[in-house]
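Heads up: the structure comes next, in structure tokens.
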Number of protein chains: 4
Amino acid sequence: MSGPLRRIAVLTSGGDAPGMNAAVRSVTRTALSGGITVVAVERGFEGLLEGRFRELAVGDVGGILDRGGTFLGTSRSERFETEIGIAEAVEVLHNKQVDGLVIVGGDGSFRGAEALHAAGMCVAGVPGTIDNDVAGTDTSIGFDTALNTICDAVGKVRDTASSHERTFVIEVMGRSCGILATYAGLACGADCILVPEVEWCIEDVWEQMLSGVRRGKKHSIIVLAEGAGHAFGVAQDLSELSGHNVRTVVLGHVQRGGAPSAFDRILASRMGAEAVHSLMAGRSGIAVGLRGNQVETYPLAEAYEGQHALRREIYDLASVMAQ
Amino acid sequence: MSGPLRRIAVLTSGGDAPGMNAAVRSVTRTALSGGITVVAVERGFEGLLEGRFRELAVGDVGGILDRGGTFLGTSRSERFETEIGIAEAVEVLHNKQVDGLVIVGGDGSFRGAEALHAAGMCVAGVPGTIDNDVAGTDTSIGFDTALNTICDAVGKVRDTASSHERTFVIEVMGRSCGILATYAGLACGADCILVPEVEWCIEDVWEQMLSGVRRGKKHSIIVLAEGAGHAFGVAQDLSELSGHNVRTVVLGHVQRGGAPSAFDRILASRMGAEAVHSLMAGRSGIAVGLRGNQVETYPLAEAYEGQHALRREIYDLASVMAQ
Amino acid sequence: MSGPLRRIAVLTSGGDAPGMNAAVRSVTRTALSGGITVVAVERGFEGLLEGRFRELAVGDVGGILDRGGTFLGTSRSERFETEIGIAEAVEVLHNKQVDGLVIVGGDGSFRGAEALHAAGMCVAGVPGTIDNDVAGTDTSIGFDTALNTICDAVGKVRDTASSHERTFVIEVMGRSCGILATYAGLACGADCILVPEVEWCIEDVWEQMLSGVRRGKKHSIIVLAEGAGHAFGVAQDLSELSGHNVRTVVLGHVQRGGAPSAFDRILASRMGAEAVHSLMAGRSGIAVGLRGNQVETYPLAEAYEGQHALRREIYDLASVMAQ
Amino acid sequence: MSGPLRRIAVLTSGGDAPGMNAAVRSVTRTALSGGITVVAVERGFEGLLEGRFRELAVGDVGGILDRGGTFLGTSRSERFETEIGIAEAVEVLHNKQVDGLVIVGGDGSFRGAEALHAAGMCVAGVPGTIDNDVAGTDTSIGFDTALNTICDAVGKVRDTASSHERTFVIEVMGRSCGILATYAGLACGADCILVPEVEWCIEDVWEQMLSGVRRGKKHSIIVLAEGAGHAFGVAQDLSELSGHNVRTVVLGHVQRGGAPSAFDRILASRMGAEAVHSLMAGRSGIAVGLRGNQVETYPLAEAYEGQHALRREIYDLASVMAQ
């Protein structure tokens, strides 16, 4: 941590998210334009321990801005959560003469990032996860793209729902967090949104559907966060209660891929640059967040100890819109 | 059947498919330009029996060319398969002074169409189903759009597959027919395609994956026709055999919706016009098919008695491409 | 202005933008859920003067959330800028027993809105313009969709640029404002961005292209704000200087349409609701803005007297990314 | 030409088209699976003369199936039309021990291909051009993708046309051929289509618009083939005649790029394979064409001497649809 930054490493970790490549590109070009060497670590933390490093030139991150996934590869590593793993990682980074590390990933990866920081490594975390469950930042890289993907898919399902006068329960990702489902439901005009943050029972769902039926609506779209139940179970309960045949769609991994949206490319470019600037300014153990329209840094611990709370007024707005 | 055509009805039946609206628009405008009145029947055969008819003007089919689903509504009706249902339908059509009927749907609907024809009604069938399983036509309306939708979805899943070096089994529609899966697999660059028409065993799948692994490929995409197995089962078998964690995606009803592709809009426009021209020429009991680049008519029975055979050379080509 | 709000009117004005329909839907459903009657004014201010009003029920704004343009119609009206026009408008609104008015449009429309407010009408403005040139709000409805549309188009042009090793000048909208061009250029990975806010000369453009050439790049994409020059002129100057054949694309009105992005649907839903809540709370003469992640209100005059300044750090970031 | 094929070269030539990469991939994998070595020629005919060859392995054409443009690069070469150029090319190919050559391109490239064949080289041509003006094949690679791109763009313009009650003239590509414009116009629901193959005058255009106006239509979309006039001129003439303000959009190079559609990927895969099979069977001087649903070969001369005629019934159908 003493002396100026000369060589940084960048890796992607945890579930992939659209815009991760844009973030790596930004880290690389920002660093190079500041006279800093950049090495890519392949396959996340696992690749770090295996020493899978390669230097990146300006052109090596050309043509990846609009690509989904992460060209560096990623992994969910248990060793990232052990003391031995962290110690080994620090040693590898020292051997590779790396002065700073940028980790693009979700809250699990940030926990590991903090451990590396505590072990003396200069580390910055950039939030990349479609779940948008990282605390301390309004939005994580990939969330906006996933919203658009879900909107597109729900729009397609609605064609069938409307043609056949059917009800569909559509299960979306988000782990234990209902932010993705809520924003997606609002953006899709869902008739009902079920999330872990808001208590619900099947009778309420049926009641809400009935209010649509009363004004002549003949199909319903229910968006279900994976943390709030399973599509099949909800559909079965609703079938029994309503006497209607209720269908299900589990969007699954389709939600995680695709070319990043303009928003995510811009966000990733800004966050990647801020991560490098922070390391250059001697800060470590920090996460980069979007707060309002500013990209700022804050302690890593805030990101994974807290929880990104669902804004209740957004959920309530969706209910009013669905009337 | 004597006398010139003065009034035709149009309905959509069975599973919805992108381009059905374009077909209804074409039927309507072709008929109107020939001085024939057009009435829409809502909700397919069920709506026919309930007498849900309304006259269509040129402008009533404006703005629907690019819409998925069917704005007329559709249904799968069991009464369409009974003698009583057919007799009732003919009576309703006579009461409404309908001289001719165009049915847009799949092979099940064509069976009903033939029964109506046998009962003395002038009927033409237009094939609309993403499964492309109607015999006698190279392509049904909706097939091309579904292929594009599947390609887009598989591309998104591949981003994750590639980032995480994973194998995915992706289940696509098609009922007992593997044409959709085969063409989709070819268009997506699937590593392996499993269809009901071609015998397969899990060992072959693993062998094919291994050939990719040997040349450095780290992820695999297996496209599975719903008629050839269930994604979860295939994934489990493959997991056990390979020792790898294999994921699944069931695309489900996402495949049936969305704005029709240019191809489907053109095909639907051509087929809808041909159906009307055939009725005007006094032909009945016919299906409209794309044969080569010509839109032609053929007996309805050919459409549902035969089977749209998978072209083996397309399947084999996909295997060569996947090497 | 005394007494509770009982009946509001909503209109769209100026250039159309994706998400305007979502805003009208939100205004309608928020008002109705608050027991307030809603009337739609067709064709913007012109329609207002002609008394083209119709009441909206909950279902009348169904199915429009994902539609581009504005189903109410819009117009650019010169009478909106005259005292007589304003006086007539107020009279019409009184005759129609309208207590409050929501105007979705750009800064020109906000000027008219302010005049209506000064004449005693309760008015709220919701910013809808792809140019994102309304002051006081981080983002206007339609901007995000337009960015995605431009990215998609530039991506397509890049395929040809790269295949043929060519340079393209791509002109984007924005009137006198370079925000759209800057964000689009950043999101697209443009090699050079030309906007009215930042001085430039053709020699700099050539210099920037050369830096790409030096590291092996064989094609260039220059994004030009319409306020900073004409594509053809820039291409000609660059051709002469560089000796290369430089091509142009003027994206034009393609940028203004299309299904709104998830971001714009959510923003429009939030802003529409806030406009109604503000009128219900007795506020008038206010604009609704996105500030950070909060939707807030501020005086209309701020919106059209000020100027939405291009954030220089975003422009500079784009330059670093383009190195 | 005696002896079995051992080593083939593949190049793309002329304007790029979506699906060219899929064709190169198919040529490569088909050849390799037949035990034949494949070399790629970069930058079309120019690259051939410069000896820019590199061998392709199975993995080298991985990940390009869904990419627009051509990763080999392309060029329009005048030397391809000279005797000296052809002689030099044959010498280079002999020196590189190439027994067969596959050229993916348009009719200009096929002329050069024929010259190479006449000079003793084994050559097969695969039609790749969005203009679909190659004679002897129903469809060329890229045409279907371009249709979808145009439909999407016209749909966006229609949002504005409809919101503002405006008329737009939209100019599309096609060189001297109106096939692209006709099919696009049919697929987009254009009110009027202007192509070089069908005589037209501005009065007819205005008459056709009026028929829409009479039934309440308030906006018009005119699709203009570049070979039939210039958008600006047509708009000006129509403005004068109608008294309305008529806007223009020139789609330009946006039409040539983008991920190939499923149709184009499948077509390219089939055509590429057929080209290799034909060379392996000892045929030379042939073009590959889609005829009905069969991929067949025919003499190269047919492809460039004839003209791909616009099917008049498709044009007429579009007129009926536009009523």
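The values are calculated or read from the model by the stated rules, or taken from the named source; none is laboratory data. Predicted model, so just to flag it, every value in this text is computed and none were measured. All Cβ positions, even for glycine, are placed from backbone atoms using ideal geometry, and neighbour counts span all protein chains on display.
Within the range A:9-18, identify whether any single residue is assigned to a loop (DSSP other than H, G, I, E, B), under 16 Å from A:S269 (Cα atoms) and touching a Ser or Thr at 6+ places or on another chain (Cβ under 7 Å), and answer yes or no. Don't jump to the end; show me each part of the working.
If we filter the range A:9-18 for residues that are assigned to a loop (DSSP other than H, G, I, E, B), which is where we start, we get A:13-18.
Retained after the next criterion (residues that are under 16 Å from A:S269 (Cα atoms)): A:17-18.
Those still in the list that are touching a Ser or Thr at 6+ places or on another chain (Cβ under 7 Å) too: A:17-18.
Yes - at least one qualifying residue is present in the range A:9-18.
As an exercise: evaluate D:V98 against (1) in contact (Cβ under 8 Å) with a residue 40 or more places away in the chain; (2) in a helix (DSSP H, G or I); (3) among the aliphatic types (A, V, I, L, M) and give the number of the one condition it does not meet.
(2)
If you take the residues in the range C:277-323 that are more than 10 Å from every other protein chain (Cβ to nearest Cβ), more than 20 Å from the chain's Cα centre (by Cα) and among the hydrophobic types (A, V, I, L, M, F, W, C), which one is surrounded by the fewest Cβ atoms within 10 Å (Cβ to Cβ)?
C:A281
Which is closer than 28 Å to A:A318 by Cα, surrounded by 24 or more Cβ atoms within 10 Å (Cβ to Cβ) and in contact with an Asp or Glu (Cβ under 8 Å, 6 or more places away or on another chain), of C:V102, C:V10, C:V38, C:V24? Outline the logic, then answer.
Values: C:V102 fails: in contact with an Asp or Glu (Cβ under 8 Å, 6 or more places away or on another chain); C:V10 fails: in contact with an Asp or Glu (Cβ under 8 Å, 6 or more places away or on another chain); C:V24 fails: in contact with an Asp or Glu (Cβ under 8 Å, 6 or more places away or on another chain).
Going through C:V102, C:V10, C:V38, C:V24 in turn, the sole match is C:V38.
Against the definition (touching a residue at least 60 places away in the same chain (Cβ under 8 Å), crowded, with 23+ Cβ neighbours inside 10 Å, within 14 Å of chain D (Cβ to nearest Cβ) and small (G, A, S)), how does C:A113 come out, yes or no? Outline the logic, then answer.
Numbers: touching a residue at least 60 places away in the same chain (Cβ under 8 Å): yes; crowded, with 23+ Cβ neighbours inside 10 Å: yes; within 14 Å of chain D (Cβ to nearest Cβ): no; small (G, A, S): yes.
When the stated conditions are applied, C:A113 does not pass them.
Across the range C:79-105, which residue is nearest to the other protein chains (Cβ to nearest Cβ) among those that are within 30 Å of C:P260 (Cα to Cα), of a type outside the set (D, E) and touching a Lys or Arg at 6+ places or on another chain (Cβ under 9 Å)?
So, considering only residues that are within 30 Å of C:P260 (Cα to Cα), of a type outside the set (D, E) and touching a Lys or Arg at 6+ places or on another chain (Cβ under 9 Å), the one nearest to the other protein chains (Cβ to nearest Cβ) is C:F80.
Scan the range A:128-139 for residues that are over 20 Å from A:T30 (Cα atoms), of a type outside the set (D, E, K, R) and touching a strand residue (DSSP E or B) at 6+ places or on another chain (Cβ under 8 Å) and report the count. Please lay out each step first, then the result.
Within the range A:128-139, the first condition is being over 20 Å from A:T30 (Cα atoms), and the residues that meet it are A:129-139.
Now drop any that are not of a type outside the set (D, E, K, R), which leaves A:129-130, A:132, A:134-137, A:139.
Filter once more, keeping what is touching a strand residue (DSSP E or B) at 6+ places or on another chain (Cβ under 8 Å): A:129, A:134, A:136-137, A:139.
Total meeting the criteria: 5.
Taking only the range C:186-219 into account, find how many residues are touching a Leu at 6+ places or on another chain (Cβ under 9 Å) and of a type in the set (G, A, S).
Matching residues across the range C:186-219 total 2.
If I ask for residues that are in contact with a Gly (Cβ under 9 Å, 6 or more places away or on another chain), of a type in the set (D, E) and over 24 Å from A:A23 (Cβ atoms), which ones from the range C:184-214 would you list?
Answer for the range C:184-214, where residues must be in contact with a Gly (Cβ under 9 Å, 6 or more places away or on another chain), of a type in the set (D, E) and over 24 Å from A:A23 (Cβ atoms): just C:E197.
So if I check each of C:D144, C:D133, C:D159, which one is over 17 Å from C:T297 (Cβ atoms) and touching a Phe, Trp or Tyr at 6+ places or on another chain (Cβ under 8 Å)? Explain how you work it out, then say what you get.
On the way: C:D133 fails: touching a Phe, Trp or Tyr at 6+ places or on another chain (Cβ under 8 Å); C:D159 fails: touching a Phe, Trp or Tyr at 6+ places or on another chain (Cβ under 8 Å).
Of the residues listed, the single one that is over 17 Å from C:T297 (Cβ atoms) and touching a Phe, Trp or Tyr at 6+ places or on another chain (Cβ under 8 Å) is C:D144.
From (1) within 26 Å of B:L186 (Cβ to Cβ); (2) not in a loop (DSSP other than H, G, I, E, B), pick out the condition that doesn't hold for D:R67.
Failed condition: (2).
Quick one: is C:E197 at pLDDT 95 or above, assigned by TED's automatic domain parsing to the domain that holds C:C151 and in contact with a helix residue (DSSP H, G or I) (Cβ under 8 Å, 6 or more places away or on another chain)? Break it down into steps so the answer makes sense when it comes.
On the way: at pLDDT 95 or above: yes; assigned by TED's automatic domain parsing to the domain that holds C:C151: yes; in contact with a helix residue (DSSP H, G or I) (Cβ under 8 Å, 6 or more places away or on another chain): yes.
In short, yes.
Tell me which of these D:D66 doesn't satisfy, since it passes every other one: (1) without any contact (Cβ under 8 Å) to a residue 24 or more places away in the chain; (2) within 13 Å of chain C (Cβ to nearest Cβ); (3) over 16 Å from C:H164 (Cα atoms).
Here D:D66 meets the rest and fails (1).
So, in the range C:201-231, of the ones that are more than 19 Å from C:H164 (Cα to Cα) and under 25 Å from the mean Cα position of the chain (by Cα), which residue ends up surrounded by the fewest Cβ atoms within 10 Å (Cβ to Cβ)?
C:H230
If I filter the range C:27-54 down to residues being more than 25 Å from the chain's Cα centre (by Cα) and within 24 Å of C:I266 (Cα to Cα), which single residue comes out as nearest to the other protein chains (Cβ to nearest Cβ)?
Looking at residues that are more than 25 Å from the chain's Cα centre (by Cα) and within 24 Å of C:I266 (Cα to Cα), I get C:S33.
Kindly indicate which of B:G125, B:G108 is of a type outside the set (A, V, I, L, M, F, W, C), touching a strand residue (DSSP E or B) at 6+ places or on another chain (Cβ under 6 Å) and farther than 20 Å from B:G51 by Cβ.
The match here is B:G125.
Could you check how many residues of the range A:159-183 are more than 14 Å from chain B (Cβ to nearest Cβ) and part of a helix (DSSP H, G or I)?
Taking the range A:159-183 first, the residues more than 14 Å from chain B (Cβ to nearest Cβ) are A:174-183.
From what's left, part of a helix (DSSP H, G or I): A:179-183.
Final tally of qualifying residues: 5.
Condition check: within 14 Å of chain D (Cβ to nearest Cβ), assigned to a loop (DSSP other than H, G, I, E, B) and surrounded by fewer than 24 Cβ atoms within 10 Å (Cβ to Cβ). Does C:R76 satisfy that? Lay out the reasoning, then the answer.
Numbers: within 14 Å of chain D (Cβ to nearest Cβ): yes; assigned to a loop (DSSP other than H, G, I, E, B): yes; surrounded by fewer than 24 Cβ atoms within 10 Å (Cβ to Cβ): yes.
Judged against the criteria, C:R76 is a match.
Name the residue, out of B:G59, B:G19, that is touching a Gly at 6+ places or on another chain (Cβ under 8 Å) and at pLDDT below 95. Can you show your working first?
Values: B:G19 fails: at pLDDT below 95.
Exactly one of B:G59, B:G19 is touching a Gly at 6+ places or on another chain (Cβ under 8 Å) and at pLDDT below 95, namely B:G59.
It is to be established whether one or more residues within the range D:264-277 are touching a residue at least 24 places away in the same chain (Cβ under 8 Å) and more than 24 Å from D:L5 (Cβ to Cβ).
Checked against the condition, which is being touching a residue at least 24 places away in the same chain (Cβ under 8 Å) and more than 24 Å from D:L5 (Cβ to Cβ), the range D:264-277 yields at least one hit.
Would you confirm, using the coordinates I've provided, whether C:A57 is among the aliphatic types (A, V, I, L, M), under 30 Å from B:G258 (Cα atoms) and more than 25 Å from the chain's Cα centre (by Cα)?
So C:A57 passes the test.
Restricting to the range B:79-91, count the residues that are surrounded by fewer than 18 Cβ atoms within 10 Å (Cβ to Cβ) and either among the small types (G, A, S) or in contact with a strand residue (DSSP E or B) (Cβ under 9 Å, 6 or more places away or on another chain) (or both).
Going through the range B:79-91 one residue at a time, the tally reaches 1.
Of everything in the range C:137-160 that's crowded, with 24+ Cβ neighbours inside 10 Å and of a type in the set (G, A, S), which residue is farthest from C:F80 (Cα to Cα)?
Residue satisfying both the conditions and the ranking: C:A153.
Does the range B:136-158 contain any residue that is farther than 21 Å from B:T70 by Cβ, away from chain A (no Cβ under 14 Å) and either assigned to a loop (DSSP other than H, G, I, E, B) or without any contact (Cβ under 8 Å) to a residue 60 or more places away in the chain (or both)? Let's see the steps before the verdict.
Taking the range B:136-158 as the starting set, the residues that turn out to be farther than 21 Å from B:T70 by Cβ are B:136, B:138, B:151-158.
Add one more test, that the residue is away from chain A (no Cβ under 14 Å), and what stays is B:136, B:138.
Remaining after also requiring either assigned to a loop (DSSP other than H, G, I, E, B) or without any contact (Cβ under 8 Å) to a residue 60 or more places away in the chain (or both): B:136, B:138.
The answer is yes, given that some residue of the range B:136-158 is farther than 21 Å from B:T70 by Cβ, away from chain A (no Cβ under 14 Å) and either assigned to a loop (DSSP other than H, G, I, E, B) or without any contact (Cβ under 8 Å) to a residue 60 or more places away in the chain (or both).
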